[in-house]
Amino acid sequence: MTLTEEEQQIILESIRNIPDFPKPGIVFKDITTLLSNPKAFNTLMTHLENRYKSYDLDYVAGIDARGFIFGGILADRLGIGFVPIRKKGKLPHATVAEKYSLEYGFDEVEVHIDAFRNKKDARVLLIDDLIATGGTATAAASLIEKVGAVCVEACFIMELCFLNGKKNIKSPVYSVLEID
């Protein structure tokens, strides 16, 4: 299931571009304007609900922090659980971690070791707002597998296609908006 051209425009036009943020030459895609636009936000969430209602999912996992917004709402609409994948040191119980490369070093994401309630082969949708180089998303998808679940698909509201960030994600990838 894909968006109509009209639905794509509603969503795309609600996302603000911030030039030279966080550094010169970068055009930051600000989703706060999407979140505050009820028509655009409902268009997006209804699309995601319709796309994933037949996937027989057990959980939605959202990447810290914007993935929490989309993931939490989608999980509620689908009547399933939500699992946060957080930056290192933010979860209070025993965790599993995955390192990933950044432009200048490394970072880590974590998930609780029992995040999927020890359900063997739990079917999980991974979601975040944006995929750029793919480091965080690849690490998050790997974490899902490490704790015994299956990453059925990785979903992103926007994909910066020119960075080819999805190349290392083993599961299928769906991007609502593809930006060249």
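The values are calculated or read from the model by the stated rules, or taken from the named source; none is laboratory data. What you are looking at is a predicted structure, and each value in this text was computed from that prediction instead of being measured. Positions of Cβ are generated from backbone atoms using ideal geometry, with glycine treated the same way; all protein chains shown enter the neighbour counts.
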Practice prompt. Look at Asp56 and say whether it is surrounded by fewer than 20 Cβ atoms within 10 Å (Cβ to Cβ), within 26 Å of Thr32 (Cβ to Cβ), touching a strand residue (DSSP E or B) at 6+ places or on another chain (Cβ under 7 Å) and at pLDDT 95 or above.
Written response: no
Item to complete: Test each condition in (1) farther than 22 Å from Asp180 by Cβ; (2) in contact (Cβ under 8 Å) with a residue 24 or more places away in the chain; (3) aliphatic (A, V, I, L, M) for Leu44 and report the one that comes out false.
Response: (1)
Item to complete: Take region 120-143 and flag every residue that is over 13 Å from the mean Cα position of the chain (by Cα) and surrounded by 14 or more Cβ atoms within 10 Å (Cβ to Cβ).
Response: Ala122, Arg123, Thr133, Ser142, Leu143
Worksheet item: How many residues does region 100-119 hold that are modelled with pLDDT of 95 or more and under 19 Å from Gly135 (Cα atoms)?
Response: 4
Discussion item. Exactly one condition in (1) more than 24 Å from Thr33 (Cα to Cα); (2) free of Cβ contacts under 8 Å to residues at least 24 places away in the same chain; (3) hydrophobic (A, V, I, L, M, F, W, C) is false for Leu143; which is it?
Written reply: (2)
Practice prompt. Mind listing just one residue for me: the one in region 23-36 that is aliphatic (A, V, I, L, M) and at pLDDT 95 or above and, of those, surrounded by the most Cβ atoms within 10 Å (Cβ to Cβ)?
Written response: Leu34
Worksheet item: Can you name the number of the only condition in (1) in a strand (DSSP E or B); (2) within 19 Å of Leu160 (Cβ to Cβ) that Pro84 fails?
Response: (2)
Worksheet item: Residues Ala115, Ala94: which one is crowded, with 20+ Cβ neighbours inside 10 Å, among the hydrophobic types (A, V, I, L, M, F, W, C) and over 17 Å from Phe156 (Cβ atoms)?
Response: Ala115
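Residue by residue, here is whether (1) touching a residue at least 24 places away in the same chain (Cβ under 8 Å); (2) exposed (fewer than 15 other Cβ atoms within 10 Å of the Cβ); (3) within 18 Å of Ile157 (Cα to Cα); (4) touching a helix residue (DSSP H, G or I) at 6+ places or on another chain (Cβ under 9 Å) holds:
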position: Pro38; (1), (2), (3), (4): no, yes, yes, no
position: Leu48; (1), (2), (3), (4): yes, no, yes, yes
position: Arg51; (1), (2), (3), (4): yes, no, yes, no
position: Tyr100; (1), (2), (3), (4): yes, no, no, yes
Practice prompt. Could you please tell me which pairs satisfy a Cβ distance under 8 Å, a separation of 6+ or placement on different chains, a first residue in region 1-14 that is closer than 9 Å to Ala40 by Cα, and a second residue that is assigned to a helix (DSSP H, G or I) and among the β-branched types (Val, Ile, Thr)?
Written response: Glu7/Thr43; Ile10/Thr43; Ile11/Thr43; Ser14/Thr33
Worksheet item: When region 71-81 is examined, which residues are found to be assigned to a loop (DSSP other than H, G, I, E, B) and buried (at least 16 other Cβ atoms within 10 Å of the Cβ)?
Response: Ile80
Item to complete: Report, by residue number, each residue of region 88-98 that is part of a strand (DSSP E or B) and either farther than 17 Å from Lys146 by Cβ or touching a helix residue (DSSP H, G or I) at 6+ places or on another chain (Cβ under 7 Å) (or both).
Response: Val96, Glu98
Item to complete: Scan region 109-126 and give yes if some residue there is among the small types (Gly, Ala, Ser) and touching a Gly at 6+ places or on another chain (Cβ under 8 Å), otherwise no.
Response: yes
